[in-house]
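Here's the structure, in structure tokens; my notes come after.
Each value in this text was obtained by applying a stated rule to the coordinates, not by laboratory testing. Owing to the predicted nature of the structure, the values given are computational and were not obtained by experimental measurement. Every residue, glycine as well, gets a Cβ built from its backbone with ideal geometry; the counts of neighbours run over all protein chains shown.
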Amino acid sequence: MLGRKTLVPDDFEVPNVLETDKFRLRMLTVNDLIKDYDAVMTSADHLQSSYSQASGSGWPAGLTLEEDLIDLGWHQREFTLRYSFAYTVMSLDESVCLGCMYINPSEKADYDARITMWVRASALHLDDELYHTVTTWIDS
């Protein structure tokens, strides 16, 4: 990991939280394991038919709790090193993970970052709102 280029300059203040009247985005951490795993596994069919189709992977098929913990630890470390930024989308009372949003370096030369996001199957009504919230946030 040493020597990798950070996604943002050292003097850029990475936002920790974005809150709307319906959900909160904040850094995804290993402490979110149970809620994140629940969101992923209860939405596996939805995620495979949309998110995985775009990425070409079979995710989250076969994902174990331990593998999710490893993924969350990786996302958390990448966030602290400023290589990429993974945000959990939580209900305002933090009782339910509604989805995730990822900011990763772009593989295309003309772009700095690639943003992907998903909402759990039971929160599909928030999909458009999450998209518009994130695009407005990034543009500001």
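Of all residues in segment 111-140, which are part of a strand (DSSP E or B) and farther than 19 Å from Ala39 by Cα? Full working, then the answer.
Of segment 111-140, the ones part of a strand (DSSP E or B) are 113-119.
Across segment 111-140, the qualifying residues are Ala113, Arg114, Ile115.
One line per residue, one yes/no per condition, for (1) surrounded by 13 or more Cβ atoms within 10 Å (Cβ to Cβ); (2) in contact with a helix residue (DSSP H, G or I) (Cβ under 7 Å, 6 or more places away or on another chain); (3) of a type in the set (A, V, I, L, M, F, W, C):
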position	(1), (2), (3)
Arg4	no, no, no
Pro9	no, no, no
Glu13	no, no, no
Lys22	yes, yes, no
Met27	yes, yes, yes
Asn31	no, no, no
Ile34	no, no, yes
Asp45	no, no, no
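Among the residues of segment 80-113, which ones are surrounded by fewer than 16 Cβ atoms within 10 Å (Cβ to Cβ), closer than 25 Å to Leu126 by Cα and either of a type in the set (Gly, Ala, Ser) or in contact (Cβ under 8 Å) with a residue 12 or more places away in the chain (or both)? Show your work before the answer.
Residues of segment 80-113 that are surrounded by fewer than 16 Cβ atoms within 10 Å (Cβ to Cβ), as a first pass: 80-81, 91-95, 104-113.
With closer than 25 Å to Leu126 by Cα added as a condition, the list becomes 91-95, 104, 113.
Of everything in segment 80-113, those that are surrounded by fewer than 16 Cβ atoms within 10 Å (Cβ to Cβ), closer than 25 Å to Leu126 by Cα and either of a type in the set (Gly, Ala, Ser) or in contact (Cβ under 8 Å) with a residue 12 or more places away in the chain (or both) turn out to be Ser91, Leu92, Glu94, Ser95, Asn104, Ala113.
Considering (1) under 30 Å from Lys5 (Cβ atoms); (2) out of contact with any helix residue (DSSP H, G or I) (no Cβ under 7 Å at 6 or more places or on another chain), say which one Ser95 fails and leave the rest.
So Ser95 meets the others, but not (1).
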